[in-house]
Amino acid sequence: MSDTPKFAVIGGGSWATAIAKMLCVNVPEIAWYMRNNDAIEHLKLQKHNPNYLSSVEFDPKKLRLTSDINEAVAYADYVIFAIPSAFLSKELENMTVSLEDKVIFSAIKGIVPETSLIVGEHFHEKYDIPYENIGVITGPCHAEEVALERLSYLTIACGNEKSAKIMGKNLSSHYIKTKTSDDIVGTEYAAMLKNIYAIAAGIAHGLGYGDNFQALLMSNAIREMKKFIRKVHKMKRNINNSAYLGDLLVTGYSVFSRNRMFGNMIGKGYTVKSAMMEMSMVAEGYYATKSAYKLNEDYGAKTPIIDAVYAILYEGKEARSTFKKLTEKLD
């Protein structure tokens, strides 16, 4: 790997666009893979992504745009995956170049449905990537606020501290602060779980529960998250750090949160199918709910919030009565 590492962003959505924006502050060129050729041509000519964060202007000379995932991966030393977890497996099927000697960073907040693994575990088990070459980029950070250059914080988790620091340095700017962590598994599970709790927060709002209950729900959610992650990967961690609690709070409360928006629609009476059709972006928490619920059948953590969201989304249980029962289990 060279002294000046090369970066590739895999994905064409809002978070991929935000990461590309952050990297372009610090590096002379990035490879950027997106499936949509029309979006690529638009970016080259109009200097912005037509579909996501269209206010962000890019210098096309800094972008090596491609609709071939192999070209982007071959170019880079550090490959950042920022596509919905539900589509990751299909995208990787198109990949023929080797990931050996690449450092893989996941900016995906979800579980790979085909394997029920978080993204880091998926790359480790399916592609034999050693854990020291796998990292996670997590919040609290919404792509929309990156576009507005509002002060935001990222946690960069990686088994190799040097790789974490290189990634952190190249994402940093006057409005992006970064810190490193060695809790790859815990931060990635937290990033997945907080989307489920954001759906719960949205359902509560849609049902007419107020701020007092919302605060109680978030308080219970962070404790539930702690129990779940401890069962999955026991190590010393402070669950009140920003990668866990901070990311949970911004996803549960922010107007930019698509998972909260999805839950709000469910609380107002939309069916799952109709809520998904109305949203133009994927709510990762929908897929995460099923994965977390199934995983917990083995782990046995006490997770009344996840159980309630699962019952509503996958068992067709009525939201109001399910949340009424949930309120009796929270404290």
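The values are calculated or read from the model by the stated rules, or taken from the named source; none is laboratory data. These figures come from a predicted structure and were not determined experimentally. All Cβ positions, even for glycine, are placed from backbone atoms using ideal geometry, and neighbour counts span all protein chains on display. What goes into the accessible areas is simple: the full protein's heavy atoms, side chains included, and nothing from ligands, DNA or RNA. Shrake-Rupley method; radii C 1.70, N 1.55, O 1.52, S 1.80 Å.
What angle, in degrees between 0 and 90 and rounded to the nearest 10, separates the Cα long axis of helix 184-207 from the longest principal axis of the Cα atoms of the chain?
With rounding to tens, the tilt is 50 degrees.
Which whole-number percent of Cα pairs in segment 273-323 have a distance greater than 18 Å?
For segment 273-323, the fraction of Cα-Cα distances above 18 Å is 37 percent.
Bin by bin, in steps of 5 Å, what percent of the Cα pairs in segment 101-145 do you find, going until the bin that has the longest distance?
Here the calculated profile for segment 101-145 is 5, 22, 27, 22, 13, 8, 3, 0.
Let me see the pair-distance distribution of segment 48-96: every alpha carbon pair, 10 Å bin width, integer percents in order.
20, 47, 32, 2
Under 19 Å Cα-Cα from Lys90, which aspartates and glutamates qualify once same-chain neighbours fewer than 8 residues away are excluded?
Correct list for Lys90: Asp68, Glu71, Glu114, Glu121, Glu125, Asp128, Glu284.
Counting heavy atoms of the protein chains only and a 1.4 Å probe, report the per residue accessible area for segment 200-320 as a whole number of Å².
Ligands and nucleic acids excluded, the figure is 48 Å² per residue.
Among Val136, Val185, Val56, which one shows the highest mean-square fluctuation when the chain is modelled as a Gaussian network with alpha-carbon springs under 10 Å?
Highest fluctuation among the options: Val56.
Can you give me the long-range amide H partners of Gly110? Hydrogens built in the peptide plane at 1.01 Å from N, cutoff under 5 Å, separation of 5 or more residues or another chain.
Counting only residues 5 or more places away or on other chains, the set is Val119.
Could you derive backbone 3J(HN,Hα) for segment 303-313 from the dihedral phi with the Karplus parameters 6.51, -1.76 and 1.60 (θ = phi - 60°), listing whole Hz in sequence and x where the residue is Gly or Pro?
Values per residue, Gly and Pro as x: 9, x, 6, 4, 4, 5, 5, 4, 4, 6, 7 Hz.
Restricting everything to alpha-carbon atoms, can you work out Rg to Rh for segment 173-243 with a Kirkwood hydrodynamic radius?
Checking Rg against Rh, the ratio lands at 1.04.
Could you please report the charge total around Gly202, scoring K, R as +1 and D, E as -1 over all other residues with beta-carbon less than 12 angstrom from its beta-carbon?
Charge balance in the 12 Å sphere: +3.
Restricting to the chain, compute how many DSSP beta bridges are antiparallel as a %, nearest 5.
Rounded to the nearest five, the antiparallel share is 20 percent.
When you have a sec, figure out the Kirkwood radius of segment 18-135 from all distinct Cα pair distances and drop it here in Å to one decimal?
15.0
How much of Met34 can a 1.4 Å solvent probe reach, expressed as accessible area in Å² and rounded to 10?
10
By the gyration tensor of its Cα atoms, with a ≥ b ≥ c the square roots of the eigenvalues, what is the shape of segment 147-210: rounded for a/c under 1.5, prolate for a/b over b/c, or oblate?
The shape class here is oblate.
Rank-order 305-314, 84-93, 288-297 by packing density, defined as the average count of other C-beta atoms within 10 Å over each peptide's residues, highest first.
Result, highest mean first: 305-314, 288-297, 84-93.
Rounded to two decimals, what is Rg over Rh for segment 173-313 when you use alpha-carbon atoms and the Kirkwood radius?
0.97
Let me know the volume per residue of the alpha-carbon convex hull for segment 96-248, in Å³.
For segment 96-248, the hull spanned by Cα atoms encloses 139 Å³ per residue.
What net charge is computed for the residues neighbouring Thr180, neighbours being all others with C-beta under 15 Å from the C-beta of Thr180, Lys and Arg scored +1, Asp and Glu -1?
Taking every Cβ under 15 Å from that of Thr180, the sum is +1.
What's the long-distance tail for segment 207-262, i.e. % of Cα pairs beyond 16 Å?
Pairs farther apart than 16 Å: 49 percent.
Mind checking which of Lys165, Lys126, Lys317 has the largest fluctuation in a GNM of the chain, springs on alpha carbons under 10 Å?
Lys126
Quick one: of Lys234/Lys302; Lys21/Lys177; Lys126/Lys290; Lys273/Lys317; Lys102/Lys231, which pairs are farther than 19 Å apart, Cα to Cα?
Pairs exceeding 19 Å: Lys126/Lys290; Lys102/Lys231.
Using every pair of alpha-carbon atoms in segment 234-331, split the distances into 5 Å bins beginning at 0 and state the percent of pairs per bin, rounded to integers.
P(r) over segment 234-331, rounded to whole percents: 2, 11, 18, 23, 24, 13, 6, 2, 0.
Take the solvent-accessible surface of the protein heavy atoms, probe 1.4 Å, and return the percent of it on segment 190-331 that carbon and sulfur atoms account for.
Reported share for carbon and sulfur atoms: 51 percent.
Using the Kirkwood formula on the Cα atoms of the chain, what hydrodynamic radius do you get, in angstrom to one decimal?
20.0
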